[in-house]
Amino acid sequence: MRDAKLATQAPKQQSKAPQGFREINLNVNPVLSGCGPGATATGITFDGYSADDSYLNSQFQCGGKYSLKGSHYEGVAGITDDGTTIFAVNSRINGTYRTMMGAFDIDGKPKAPTTAQEKILAGLLKNSERRIKPDAKSSGVLGVATNGTNPRGGVYVGDRKIVYDFGFRISDDPAANDPKKYVDFSTSVETDFNNRVTRQSYDIKARNDKLTGFVGMDRNGNGSNMGYRAGVGYADVSASARHTNNGGVKTSEVDLAWNINKEMTLTASWRPDNRPPTALPASTFKNPGAFQDFSNYSLKLEIKL
């Protein structure tokens, strides 16, 4: 009788999975008995070194009893058509859900899940809005980042470097993705494996309906390379300024832009430090060389087709 009941339930479980995704059945106990010093954790245990990360563990800990490695509330995993294995672990700690999402390519290397893969996991796993997931930066490093949280954070590890990202936002509507009034602070610090700071970046952005503004700064470890930027905009008109100092070579630029419509933008620029070198490279009639613009002023019309 019990086998017949399980047989009737199996097709119902598989029907939840979307097309192109083969779900892996997980043997778990989704019951957690409270949270606190006297609580007893039940659930799945991760073997070996999977998710053995102090940063992730601190996000999932509760009263020193629960941790990402020790217990979880609900989980889902499966394989997509391209051979990628994706998974999600949903922890409920003191009434709050936190979800870790991840992916492995066909060769077993960890990678950031795509937006489509996140939607698959979120469709199979309820209460997965507060996510911590592997994330790939443009520099090629891989790490984890919070998603949809305020404050937000991320840690990335690459070739001989570690990148720490942190930010938070103050807004009139914290639940909105694009509020009309907000102030947003973000910082990124890069270090080597000896904890020496090699790069820093700080940004502040603000908006009050149609009025927007930003300021920012970049700096390398010893301060030989510095960069500053600032800007303000109202509706379709904006102004911005940038200044960099790379080992004594200074570059400044001021831009005024007008978004005529969605496809056309007119920009006027002033570059006071744009000067021709003392000795130009040799060129001939047959080999004139690449065109170089040494003017201090420019007017550009950009058309998006």
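Residue-level check: of (1) under 30 Å from residue 270 (Cα atoms); (2) over 19 Å from the mean Cα position of the chain (by Cα); (3) surrounded by 13 or more Cβ atoms within 10 Å (Cβ to Cβ), residue 199 misses just (2). Checking each residue in the range 251-284 for being surrounded by 12 or more Cβ atoms within 10 Å (Cβ to Cβ) and at pLDDT below 90 picks out 273, 274.
The values are calculated or read from the model by the stated rules, or taken from the named source; none is laboratory data. The structure displayed is predicted, hence computed values, not measured ones. Counting neighbours? That spans all protein chains shown, and the Cβs are built from the backbone with ideal geometry, glycine included.
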